[in-house]
1. Need the list of aspartates and glutamates near Lys510 for cross-linking: C-alpha distance under 18 angstrom, and skip anything on the same chain fewer than eight residues off.
2. Under a 1.4 angstrom probe, counting protein chains only, how are Leu479, Leu33 ranked by accessible area, largest first?
3. Ignoring ligands, DNA and RNA, what percent of the 1.4 Å accessible area of the range 344-440 is carbon and sulfur?
4. Whenever you get a sec, line up Lys186, Lys483 from highest to lowest accessible area (probe 1.4 Å, protein heavy atoms).
5. What whole-number value in Å² describes the accessible area per residue of the range 1-62 for a 1.4 Å probe?
6. Probe of 1.4 angstrom, ligands and nucleic acids ignored: what's the accessible area per residue over the range 362-437, in square angstrom?
7. Counting only protein heavy atoms and using a 1.4 Å probe, what share of the accessible area of the range 498-541 belongs to carbon plus sulfur, as a whole percent?
8. Could you name the lysines in cross-link range of Lys46, using Cα to Cα under 19 Å and dropping any fewer than eight places away on the same chain?
Amino acid sequence: MPSAHKSLIDLAIKLGYTRDEEGLCHGTTLRCLEAYQLGEQNKFIKRINTIMHLDTLDMHIHKAQEKVKQHQVLTPFDLELLEILSFYDSLMLYQTSDHDYHLLKQHFSQSQLDQISHFAGSDDIQEQGGLSTLYSEPNCFTDHELRAYLDSLQQLVSNDTLHAQCNLSMIFSTLTHTMGLFYQPKRRTWTLVDINQWPPLDMVLPDLALQEDSHQDISCFNQLSKDALDELTEKIQLGFNSTHSTTINISLISTTSDNLKLGALHDQLKQLNQQYPISRLLSQNHQNYCELFLIAVQNKHINLIQYFLDIPEIDPNQVISHDVTPLYIAVENGDIDVLECLLTSPRINPNQAMKHGVTPLLMAVQHRDLEVVERLLEDPRINPRQAMKHGLTPLIEAVGNGDLDVIECLLKSSKTNPNQAMDDGIVSLTVAVDNGDINVVNRLLKDPRINPNQAMDDGATSLLIAAQNGDFAILECLLKHPKIDPNQAENHGVTPLYIAARNKHLEVVKSLLNAPGINPNQAEDLGITALLIATQKGYVDIVECLLGNPRTNPNQAMKDGATPLYTAIFFGHFDIARILLSHPHIATTTPALLPAAEESYAQLVHTLLSNDVNQAYYLRQIAIYPDLMRDGLLKNKIFLATLRTHREKLWCQLQHPEALGLSK
């Protein structure tokens, strides 16, 4: 990519305006147009050159921003740097309104210049009423025709005294590239600006002062030389990568304040374009017709679109270039009139997918364009279940956007399946729950087709996600659904109650314990219950809450035999151990003493021995495990001292007192 354009894109990425390397030619050309309209072209050129040649520009800009935050004095260079940010703000809006959808709350296409200009235009342009499209028509030119058209255009403009009162801006565009041709009467200069062919090409008309000493007609001094016209034609062809023909849309752009002055030029340009009728292309390359069809859709030329739809040789669903069809462009632009025109054709396939499987309906949902979504769903041929790559459906996309109006529209269709999953099992309800969007969750739960227990590939359900996130409000909504299963576990046996206990979501634990049919003792694959995980984590409030439920078993062990009491002692959570010991159904005939001894927790050992009528059980366990002796666990002086305080009871019960190294 040419250095000027690439430099613009690289800086845009560094400054966070975009994350990819898609071109910025359209936005750049319109910013350039503003500069030439205002006579500030030198400032524009200097800015582009600065972006090209200062490698650390992004760092300088960030430093200037920090100065603003710190209320420091700004240098002239700092102000110039900050203006570059304003430049990019405007450029990106002209390039695509998606960049600031959160601000505009509406999607605009590039052809809707009149609307975009109110947001993207500079203050000086706004003072002149903003930009507007005074004329726009597409055509396809051979090499010879393009040169003849440009010659007629420059003579038409240069020889009219009315046009000479204001700067003139022409935009040449295809689906993928835009360049500008500008005329400034005071400078008597035509300028072609193509960011891919930087710097601008200036073409100066002959000096009128020379006409006084010449017998030639003044019109000869108001037209470009043959060499200049040849170079202009060649540059345009090169910019659009044309070989034998150039298919473009030609627009006349002006400020609202200049519209009256240029009104007559609109009719003159139409007359000029009529010298090259579209019908002449029938005998030429069929590809030209197809490209012209796409450009007509892009620029909202309804009559021409209908003309192409009536030609049997043209397939309206053909992917012509860049993996797009006419319908895709209409939907992307949010152009309801063009969309209506295309859908009236029985040959249009409204479900034809583009790159990565994006359908027109999915594109409309992504743009949050309710009007387009409604119109597409009215078409009996539309399939709202058709998914793109990885299984993303229009409904899941709408749920991800939190767009209630579009969700409502999609759910009204009997063809929509609210339980349709993506490749990894994600469904609309799990997306809404994970996003914490209670309004969307409520709307989905109202649909009689919804399955609230549908799990993803890993087994996670919407209820489990809500429990994991600690989203009490959404969890309550889910538990009110008559079909909800509060015990449904994911693939490793983890239940909503378990995950809520593990994540210390006390209110969620309380809510789940009150759910009909809840099983507080349901364990995951290793046998860990909600009580066991809460005990292990040391969550006193969660343990008390679980033990307060009469169905909770305080003695249920893991697969390796570890009970809640054992776990509490092992991890040193003595407060939880005391709570468990106070439970009326706690069983103490388990090896809870071993971890206490191992960790030298003399106080706990003392408590256990004082409360346990079966102390001998623990001692026998110690005695029959010689590994404990080899590891030196019983040599712990504190442990031995604790045992000695109970020696009268222990000696008579211990079969092998010498194993503990005790003497009378």
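The values are calculated or read from the model by the stated rules, or taken from the named source; none is laboratory data. Because the structure is predicted, anything quoted here is derived from the model rather than measured. Ligands, DNA and RNA are stripped out before the accessible areas are found, and what is left, the full protein with its side chains, is counted by its heavy atoms. Shrake-Rupley method; radii C 1.70, N 1.55, O 1.52, S 1.80 Å.
1. Leaving aside aspartates and glutamates fewer than 8 places away in the same chain, those within reach of Lys510 are Asp471, Glu476, Asp485, Asp541, Glu544.
2. Listed by decreasing accessible area, they come as Leu479, Leu33.
3. It is 46 percent, rounded to a whole number.
4. Lys186, Lys483
5. Per residue, the range 1-62 has an accessible area of 46 Å².
6. I get 39 Å² per residue for this part.
7. For the range 498-541, the apolar C and S fraction of the accessible surface comes to 44 percent.
8. Filter leaves Lys6.
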